[in-house]
Amino acid sequence: MENLLISLENISKSFDGDLVLDELKLDIKENSFVTLLGPSGCGKTTTLRIIGGFITADKGRVIFDGNDITTLSPNKRQLNTVFQKYALFPHMNVFENIAFGLRIKKKNEQYIRDKISYALKLVNLDGFEKRDVTSLSGGQQQRIAIARAIVNEPRLLLLDEPLGALDLKLRQEMQYELIRLKKELGITFIYVTHDQEEALTMSDTIVVMNQGYIQQMGSPEQIYNEPENAFVATFIGDSNIVPGKMIEDYCVEIFGSKFKCIDKGFGKNKPVDVVIRPEDVDIIDINSEKTLLKGVMTGAIFKGEMYEMECKTYDGFEWLIHSTDYVEKGKEVGIFVEPENIQIMNKPSSEDERALEIDV
């Protein structure tokens, strides 16, 4: 792979007999922003810690820029880690916290001053050198932790849920700050989170994990619009996942009605799973010639930017619908979906595959 920085080769790891990672394979390009996304216990933090050298895999290799670093200690790897708990030293001011790693490397004082000045400007905390870290807000402490990491000029920055302790507004602000830093520094970011919105907002590439496996890897657009299985579709945003039958290329039957779609290659009259996002369900007049399914509205919640509504079609399925237009409870309506908004997936072919597609 061109500009490959990190390669995980058949990584397996168990804790107390429980398999956390199972033959994991992952390639990460240089200068990319990769997010490991998944529920608690899926193996994402374990993967990050194996890359960082904090734990050792039971099996497999970690390759960094063509070199095997599997057994290399963390301080000898060209990377730094920012944790959710920032691990700042409370007895040191901002300057000394950031200088800590540079002093271990025996850098001279002028070099240290120049590097810290540059790092603080990057994180928009210029002039904070003498501040007591315990007097800083959560967002400021997070920026100091990042500054302490980047002064060491790592080629790779690992971030383990660093925004988890921040409130919503500050977390959103810091998301954009991290994107800006990534572009200015030109280094590779590997970011761990269970927050889908965070992953979609920040990443070049999202790696969706569950039960020690990679479920899907791709751009945010691919992950959201083209989920490969029910787990990904459920975990990344809201979805209507319904049973269907692929009549032929570009035509799927849902609850007895034929829907045009843009998928092909599934065969004829084959059972499939169909994913339709709530925002892609169009509520139309029940007597419209475009109506594909008919039902009655059963509820609505105002969410600020849109209404979250439910419609029970006469086949008994409860559809989740997101729209800026309110439709009152009890009204009979028709449902229509544009062909490009219908995603077809193969049904699980084995119990092992089905086990991966658990509710989260």
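The values are calculated or read from the model by the stated rules, or taken from the named source; none is laboratory data. Nothing here was measured: the structure is a model prediction, and the numbers come from that model. We place every Cβ from the backbone using ideal geometry, glycine too, and count neighbours over all the protein chains shown. Please note that ligands, DNA and RNA were not included when accessible areas were found on the heavy atoms of the full protein model with its side chains. Shrake-Rupley method; radii C 1.70, N 1.55, O 1.52, S 1.80 Å.
A few notes on this one:
- Within region 283-301, restricting attention to residues that are touching a Gly at 6+ places or on another chain (Cβ under 7 Å) and among the β-branched types (Val, Ile, Thr), the residue that is farthest from ILE335 (Cα to Cα) is VAL296.
- Looking only at region 146-172, residues that are open to solvent by 10 Å² or more (accessible area, probe 1.4 Å) and of a type in the set (A, V, I, L, M) come to 5 in all.
- Boolean, GLU357 is open to solvent by 30 Å² or more (accessible area, probe 1.4 Å), in contact with a Phe, Trp or Tyr (Cβ under 9 Å, 6 or more places away or on another chain) and modelled with pLDDT under 90: yes
- Here region 287-319 is the region considered, the condition is being open to solvent by 30 Å² or more (accessible area, probe 1.4 Å) and touching a helix residue (DSSP H, G or I) at 6+ places or on another chain (Cβ under 9 Å), and the residue that is nearest to SER239 (Cα to Cα) is GLU308.
- Qualifying residue in region 112-127 (condition: under 27 Å from the mean Cα position of the chain (by Cα) and open to solvent by 30 Å² or more (accessible area, probe 1.4 Å)): yes
- Qualifying residue in region 3-26 (condition: modelled with pLDDT of 90 or more, among the polar types (S, T, N, Q), buried (at least 21 other Cβ atoms within 10 Å of the Cβ) and closer than 30 Å to GLY237 by Cα): no
- Among the residues of region 54-68, none is identified as in a loop (DSSP other than H, G, I, E, B), out of contact with any helix residue (DSSP H, G or I) (no Cβ under 8 Å at 6 or more places or on another chain) and surrounded by 18 or more Cβ atoms within 10 Å (Cβ to Cβ).
- Breaking point among (1) of a type in the set (Val, Ile, Thr); (2) modelled with pLDDT under 95; (3) under 21 Å from ASP160 (Cβ atoms); (4) not in a strand (DSSP E or B), for ILE51: (2)
- Criterion violated by LYS85 - all others in (1) in contact (Cβ under 8 Å) with a residue 60 or more places away in the chain; (2) more than 16 Å from ARG148 (Cα to Cα); (3) surrounded by fewer than 16 Cβ atoms within 10 Å (Cβ to Cβ) satisfied: (2)
- Residue in region 1-24 that is under 23 Å from THR205 (Cα atoms), of a type in the set (Gly, Ala, Ser) and assigned to a strand (DSSP E or B) present: yes
- Within region 4-19, residues that are under 20 Å from ASN210 (Cβ atoms) and touching a residue at least 24 places away in the same chain (Cβ under 8 Å) sit with their Cβ atoms under 6 Å from residues that are assigned to a strand (DSSP E or B) and of a type in the set (Asp, Glu), at 6+ positions apart or across chains, in these pairs: ASN10/GLU23; SER12/ASP22; SER12/GLU23.
- Among the residues examined, GLU332 qualifies as among the acidic types (Asp, Glu) and modelled with pLDDT of 95 or more.
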